[in-house]
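Everything on this sheet refers to the single structure shown next.
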Amino acid sequence: MKKKFCVPRILKNIAYVLFPVLVIILLLLVICLTYPLEKSAIKQGLNYFETNTFAEDYANEILSGLYAADNLKEDSFHSAYGYYINNVESIEENGEIKEITYCSAYSESNVIWLIIDNKTKMAYTNLEYSLETSNLNGIKNEIAQNQKYWNYENNKISTNIKKLNNENISYINSSFYQNQLEKSDENSESNNKKNEYTIYTSVLDDLEYIDNIYINNILYNTISTINQKALFLIPVLIIIIIGLVPLIINGVGKTAKSEETSLNWYDKILIEVAALMAFLIGTIGFCFLFTITGTSTMAEFILAISIISVGSLITYLACIMFFETIVKRIKTHTFVKTTFAYWVYSKTKKFLDEIKINYKFMLYFVIFILANIICFGIMWSDGFIGIILSIVLYTLTYRLLNKRIKSYLKIKGAIHNLYNGNTEIEIDRMEVCREMQDTANEINNIAGGLSNALEEKLKSERLKTELITNVSHDIKTPLTSIINYVDLLKKENIEGEKAKEYLQILDSKSQRLKKLTEDLVEASKASSGAIKLNMEKLNVNELIKQVSGEFEDKFKLHNLQEIITFPEEEVYINADSRYMYRVLENMYSNISKYAMEQTRVYIDIVIKESKISIQIKNVSKQKLNITTEELMQRFVRGEASRNTEGSGLGLSIARSLTELQQGSFNIYLDGDLFKVIIEFQKAN
Amino acid sequence: MLNCVIIFVINLEGIEKMYNILVCDDDKEIVKAIEIYLSKEGYNILKAYDGMEALEILKNNDDIQLIILDIMMPKLDGIETANIIRKDKSIPIIMLSAKSEDYDKISGLNNGADDYVTKPFNPLELIARVNSQIRRYTSLGAMVKKEEDNNIYKSGDLIINDSTKTVEVDGKEVKLTPTEYNILKFLTKNKGIVYSIEQIYENVWEEESYGAENIIAVHIRHIREKIEINPREPKYLKVIWGIGYKIEKLD
């Protein structure tokens, strides 16, 4: 027996855990690879800071700074926003001394900015007040010392960030700011907004704070790193995952106790129901994933993460459960049988099998008519499709009818064979339509029964022959002594006429007993067919000449005149030479025994199309008040006394032997005319 | 009766030495009957009632010329006995059995028997067969010198001397009519070949046959009655029914 490969349980459990982890990693990798992340930029090896993502983030930071500054100037309580007046200093501008007040606030942002309102002479910054430089120039220097900067001064933008080179990020064009501007427009009559602010911004070289820019930078770096390795990692992961599949499939359905696949209730329900259940559970788990939206606090976030984990686990378990049941069903070959389609199919089949054939026919007929009406309806609206459908319908109907007619013919043929005595028939169940399979089976059984009965009969005939042969052996031994001692007694010259007469009777009776025993064996052998035939091509004319030569003396003794009519040509039959002689010998010896003396015996050889018949006619000595059937029976002779020689088996033996050689043997009686016709097929 | 007496007389004249025949049958009465018949023929009979006894007698007596063996016997059956005897002796064996099927005869002849006689037997037939076997066994080689003669046709113990126009079977002369003699000579000359009535007619009469004669068949039957021990089971002149006649090639 082939040894089945078995996976240790521990390996299977590891595979179960490892599988989803690897799948998630694989999915992430694939997402990374397909993420539209400025593939050209990656190819050129350029930095995040040249990307649109960065540019947008940066612009948002600037705009939020502007928004803050705009709001601050209307509110005198700067502290409410975390800003406070840090310093007031005088600066010289265009030859006049002006006083600038600047506010600062602590903000955790990687973008640092300084916005100066030229009208109100107010400056705003998100740099910490405790900065060592406590004047504007110091702040400007602080900003300028970073590599990425964007400045707006006297209607001019100066920047080293390519994506922000154009005025696309100009605060004037920003819709976000525009709205704020329009609002303020209603209150103040200031027009030339363009000159209202002077802006200095830059990004910290070392990103210190966790904000959008920081996160995006990290993400960007990670993804670009992963992308470089993904092409190598994905095939490896796929191979490992594929490698795990057989391990899992092999382990599915096995319990700690047995190696056989065990099924639980879930594996036995309809596969569609199982799929629905798995889908619902999976969906519930999947819904948990959406709780992530709308979280703001850390606690909420942690809660969301744990809910997501639980949800993922539920989804994963649902998937695994469904996968397992499919594998188990395939392993136990119940997959197809548990589908809804199969269920419908089997129920329909059962229904069709159970209803009576006439109702079934009615059902088929109604379906046919309905299909016909539908076809005509379709033909009304769309001729072509209608015709195609009609052709399909008629072809199917024809096939259905044809199969039934063929089955009918098969069964008819089998019955005909059976009627002709051929019991070697076997109708293949698969070859007849379902409605006739039972009938086919029954016919097969009848044929089997008949053939058994025939075999039984042959067997009993053979046993009878065996019994007769054995009994005849046992009779022959004492008979030998009787015959021999009668013979010896005859030679003893016993005195007295009566003794001589008695001896004569003993002699003839013992000889008859001998003949009877021999004939009995031969008759039983001939009728049971326990004779080995040696078929040859025999010349009928020659045969008749030979046999009449043998009997010439006996015929002469009884004054019988033999008249033989030969055909003009030589005729041949296929028969066994020895047994053919036995048949004719019996006939001739019957004639010499029972034909009336001084009469003629006619022997005619007649060619009848493909047959050759030997007709023997003679006039009986005795009145033949007996039927041909009775005459053919064993031990029956044309006389009641049974005193003459002969066993009464001659005709029976002749007929059996003729029939064994495929010939026919018939007796006709007409008054005292006794006629035997032996017919054989003509041989070429 | 007449035949028996003639053979009896011929044998009495020809035999100088008493031949010993071992008769073996479990039926004592049959052995006794055979003894009566064969003693009258001038043979000395040794009796055994089973195969073992027969073998015992054969061991002690080398001067046995023929064995008549029954097949169905206690202790050791006829077939096995014949087999054992055949291992070191070439004494003729005649099987005598109630078994009359073809395959019984074939198995008997295949196992060392020289002849097969079925029970119940005709005493005359048995005697004729015994004589034939004894003659063959005791005078083997006597015919060799005659074979040189061109005018001698023979098959087994059937010898036709065309110079003297005599036919001899088993050493005894047989009287045939001239027609019978011509038919027999033609068939013996061409022994082993089957001839139809028409062919025999044309060859013997040397004129065309008219097809309706069964005279040949009658002659053939007469020849058979004269040369065969049992005309129904001929040894020399065989009838193939529906085909023709032939002289069996027995050399």
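Since every read-out is calculated from the coordinates, none of them should be taken as a lab result. Source: prediction; values computed, not measured. Methodologically, a virtual Cβ is constructed for each residue, glycine included, from the backbone with ideal geometry; neighbour enumeration extends over all protein chains shown.
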(message) I need the semi-axes of the equivalent ellipsoid of segment B:144-247: take the C-alpha gyration tensor, multiply each eigenvalue by 5, square-root it, list largest first in whole angstrom.
(response) 22, 15, 12
(message) Give me a comma-separated list of calculated 3J(HN,Hα) values for segment A:276-282, in order, Karplus coefficients 6.51, -1.76, 1.60 applied at θ = phi - 60°, integers in Hz, x for any Gly or Pro.
(response) 4, 4, 4, 5, 4, 4, x
(request) Any chance you could check the Cα centroid distance between segment B:185-251 and segment B:39-54 for me, in angstrom? (result) 38
(message) List the residues, sorted by chain then number, that are 5 or more residues from residue A:197 or on another chain and whose placed amide H is less than 5 Å from its amide H.
(response) A:118
(message) Just checking the output field for B:99-105: average partner chain Cβ neighbours within 10 Å of each residue's Cβ?
(response) 3
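Taking beta carbons within 10 Å but only from partner chains, what does the mean come to for residues B:28-34?
4
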(request) Please work out the Kirkwood hydrodynamic radius for segment B:16-138, using every pair of different C-alpha atoms, and report it in angstroms with one decimal place. (result) 14.1
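If you stretched the chain out fully between residue A:431 and residue A:453, how much longer would it get, using 0.36 nm times the residue separation minus the C-alpha to C-alpha distance?
Between residue A:431 and residue A:453, full extension yields 5.2 nm more.
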(message) Out of the GluC sites (Glu not before Pro) in segment A:329-430, which ones are loop residues according to DSSP with at most 14 other C-beta atoms within 10 Å?
(response) A:424, A:426
(message) Distance cut-off 32 Å, Cα to Cα: go down the list B:119/B:226; A:514/B:185; A:476/A:593 and report the pairs above it.
(response) A:514/B:185
(request) For segment A:491-501, just list the computed ³J(HN,Hα) in residue order, Karplus coefficients 6.51, -1.76 and 1.60, θ = phi - 60°, integers in Hz, with x standing in for Gly and Pro. (result) 7, 7, 6, 6, 7, x, 5, 4, 4, 5, 5
(message) Averaged over its residues, how many other protein chain Cβ atoms are within 10 Å of peptide B:21-27's Cβ atoms?
(response) 1
(request) Order the peptides A:604-614, A:535-545 from the highest to the lowest mean number of other Cβ atoms within 10 Å of their residues. (result) A:535-545, A:604-614
(request) Please report the base-10 log of the normalised intensity I(q)/I(0) for segment A:271-351, using a Debye sum with one equal scatterer per alpha carbon and no solvent, at each q in 0.12, 0.16, 0.17, 0.23 (1/Å). (result) -0.51, -0.69, -0.73, -0.98
(request) Can you tell me which of A:17-23, A:519-525 comes out highest on packing, and rank the rest after it, using the mean Cβ neighbours within 10 Å? (result) A:519-525, A:17-23
(request) Compute the Rg to Rh ratio over segment A:344-476 from the alpha carbon atoms, using the Kirkwood formula for Rh, and round to two decimal places. (result) 1.34
(message) Against the empirical 2.2 N^0.38 Å scaling, what ratio does the C-alpha Rg of segment B:74-130 come to?
(response) 1.11
(request) Calculate I(q)/I(0) for segment A:531-681 by the Debye formula, one identical point scatterer on each C-alpha and no solvent, and give its log10 at q = 0.13 Å⁻¹ to two decimals. (result) -0.56
(message) Among B:87-93, A:320-326, how do they line up by average Cβ neighbours within 10 Å per residue, starting with the highest?
(response) A:320-326, B:87-93
(message) Tell me the mean residue ellipticity at 222 nm calculated for chain B from its helices only (DSSP H runs of n ≥ 4, each -39500 (n - 2.57), averaged over every residue, nearest 500).
(response) -13000 deg cm²/dmol
(request) Report the equivalent ellipsoid semi-axes for chain B in whole Å, largest first, defined as the square roots of five times the eigenvalues of the gyration tensor built from alpha carbon atoms. (result) 36, 20, 16
(request) Please work out the FRET efficiency for the pair residue A:154 and residue A:206, using the Cβ-Cβ distance as r and a Förster radius of 41 Å; give the result to the nearest 0.05. (result) 0.85
(request) Treating cross-link reach as a plain straight distance, find the lysines whose alpha-carbon is under 16 Å from the alpha-carbon of residue A:350, omitting any fewer than eight places away in the same chain. (result) A:337, A:360
